[in-house]
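The numbers here are math on the coordinates, done by the rules we state, and not lab data. Everything numeric here is computed off the predicted structure, so don't read it as measured data. Cβ placement follows ideal geometry from the backbone for every residue including glycine, while neighbour counts extend to all protein chains displayed.
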Amino acid sequence: MSDTHSHTGRRRHAAPGNPNWVRRAGLVGGVVSALALCGAAAPALADNGHRSPKAHGSSVASAHTHAKAGIAPLSTAVSAQRAAEAVEHDSIRASLVAAKERAATDARKAAAEQKARDLKAAAAAKAEKAAKERAAAARAAASRSAQRARLTVTPVASSSPSPTATVTPAATTAPAPTDTATAAPASTDKAASLIAFLKAQLGKPYVYGASGPDSYDCSGLTQTAFASVGVDLPRTSQEQSTVGTPVSISALQAGDLIFWGGEGSAYHVGVYIGNGQYLDAANPSTPVAIHQLADYMPDWAVRVL
């Protein structure tokens with residue numbers, strides 16, 4: 001190929017030497033701008049850095065102040081809460097103590113009331129028992145009076161003449177010989193002394209509950225008479241009917257106790273003095289007297305001599 005051809009034929013256009021230079025120039029410009037900005041900001045940063053300890057101190061102080069300001073109300077609130085809890089605990093404790101004292105007081109009061117009720121009940125029971133005993137005694141006395149009413153019309157002193165009539169003059173003296181004769185073989189010195197004592201009481205009035213020396217009821221007379229010869233008897237006819245040895249009415253001997261009513265339930269008692277007679281304190285309308293056994297036969301008899 002000729003030079004002409006190489007120069008005139010196909011002509012090349014000159015290509016750029018380095019297509020990236022524009023980008024490089026832009027990058028460099030950006031870096032320079034950044035450096036410029038950093039340079040401008042450095043004094044400010046330095047100034048801020050120079051002032052930061054003081055500012056930091058102020059910030060810390062301010063934070064402490066705010067913290068203290070926040071702690072104070074918190075401490076006050078905690079103290080108030082603790083005080084309230086203490087008051088509440090004291091109140092609960094006081095309430096428990098008061099409740100315990102009330103319970104103790106109530107218990108003492110209940111015990112006292114129960115004791116009072118028990119005493120009242122015991123007194124009422126005692127009074128009721130006494131009333132029943134008085135009523136029973138009154139009924140027994142009335143029964144004795146009713147059962148023995150006919151005894152008042154058959155005393156020996158007004159009976160038909162018989163060997164027993166000799167007993168009447170000896171009302172305040174030693175027993176008549178006829179008594180000791182009919183009392184054998186059970187008659188002893190003790191029986192004779194007993195009958196002598198009984199006859200010494202003839203004519204004395206009947207008084208319920210009396211046991212001498214001026215008045216008697218039936219069992220009071222027998223108790224006192226037997227005590228005079230050293231024999232202790234219970235107080236009532238019911239009790240006296242349960243002592244000694246039971247004997248048949250047909251085999252009575254002087255000094256035997258005779259009863260109207262059964263064993264343990266007798267309502268009247270007298271003493272057989274021999275010769276078909278007995279002596280007793282019958283009822284308020286009849287003084288101590290001697291009666292014919294056949295006029296009012298007893299139901300039960302015991303021997304204690």
Point to revise | For the stretch 92-98, 3J(HN,Hα) per residue [Karplus equation, 6.51 cos²θ - 1.76 cosθ + 1.60, θ = phi - 60°, Hz, x = Gly/Pro] | key: 5, 4, 4, 5, 5, 4, 4
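Test of understanding: what is the full-extension gain from ARG134 to SER285, defined as 0.36 nm times their sequence separation minus their Cα-Cα distance? Kindly include the intermediate steps, with their values, before the conclusion.
Values: separation 151, 0.36 × 151 = 54.36 nm, distance 2.05 nm.
Residue separation times 0.36 nm, minus the Cα-Cα distance, leaves 52.3 nm.
Could you list HIS268, HIS291, HIS89 so that the one with the fewest beta carbons within 10 Å of its beta carbon is first and the one with the most is last? Write out the running numbers ahead of the final one.
On the way: HIS268 28, HIS291 24, HIS89 10.
In order of increasing Cβ crowding within 10 Å: HIS89, HIS291, HIS268.
How much length, in nm to one decimal, is gained on full extension between ALA123 and ASP299, taken as 0.36 nm per residue of separation minus their Cα-Cα distance? Display every interim value, and only then the final one.
On the way: separation 176, 0.36 × 176 = 63.36 nm, distance 3.84 nm.
Stretched out fully, the ALA123 to ASP299 stretch lengthens by 59.5 nm.
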**Study point:** Residues with amide H under 5 Å from that of ARG235, placed H, sequence gap 5 or more
**Key:** none
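Using the 10 angstrom Cβ neighbour count as an exposure proxy, how do ASP256, ASP189, ASP295 rank, fewest first? All intermediate terms of the calculation are to be shown ahead of the outcome.
Working: ASP256 26, ASP189 9, ASP295 14.
Lowest count first: ASP189, ASP295, ASP256.
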Exercise for review: Using only alpha carbon pairs under 8 Å that are at least six residues apart, calculate the relative contact order of the stretch 177-305 and give it in whole percent.
Suggested key: 29
Review point. For the modelled label position 7 Å from the Cα of GLN114 along Cα-to-Cβ, which residues of the stretch 90-108 have backbone nitrogen atoms closer than 20 Å?
Key: 100-108
